[in-house]
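Everything below concerns the one structure shown next.
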Amino acid sequence: MSTTESDAETVQITVNGDDRSVPHRYPLTDLLHDLNVDPESVSGVAVAINESVVRRQDWSDVTLAEGDTVEVITAQQGG
């Protein structure tokens, strides 16, 4: 299988306010792993892309695109 030019492209996204360069069509679950969030076992985590909450059961179907703004929110105990 050969690598096409689009496979090698990167896109710019924003994650929790920080700019980040990721591969074109980067899976949301891969981004979560990069952030040390295990999408399979973690609870108390919410994800929004472009101000729309993404349901946990849809995380594995989502890929990121140029200009996406991702917010990953983790609930913590305490006050």
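None of the figures in this text is laboratory data; all of them are computed from the coordinates on show. None of these values were measured; they are calculated from a predicted model. A quick note on method: Cβ atoms are made from the backbone with ideal geometry, for glycine too, and the neighbour counts reach across all protein chains shown.
So the values come out like this:
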{"quantity": "Correct option for P(r) over Cα pairs in 10 Å bins from 0, in percent [calculated from the coordinates] among (1) 18, 49, 29, 4; (2) 17, 47, 29, 7, 0; (3) 16, 51, 24, 7, 1, 0", "calculated": "(3)"}
{"quantity": "Full-stretch length increase - Asp58, Asn36 - with 0.36 nm per residue and alpha-carbon distance subtracted", "calculated": "6.0 nm"}
{"quantity": "Dipole in debye (nearest 20) - the range 5-74, about Cα centre, beta carbon charges: Lys, Arg +1; Asp, Glu -1", "calculated": "260 debye"}
{"quantity": "³J(HN,Hα), Karplus 6.51/-1.76/1.60, whole Hz, each residue of the range 49-58, x for Gly, Pro", "calculated": "10, 6, 6, 10, 5, 9, 5, 3, 5, 9"}
{"quantity": "Net +/- balance of residues flanking Val11 in space, Cβ distance below 9 Å, scoring K and R +1, D and E -1", "calculated": "-2"}
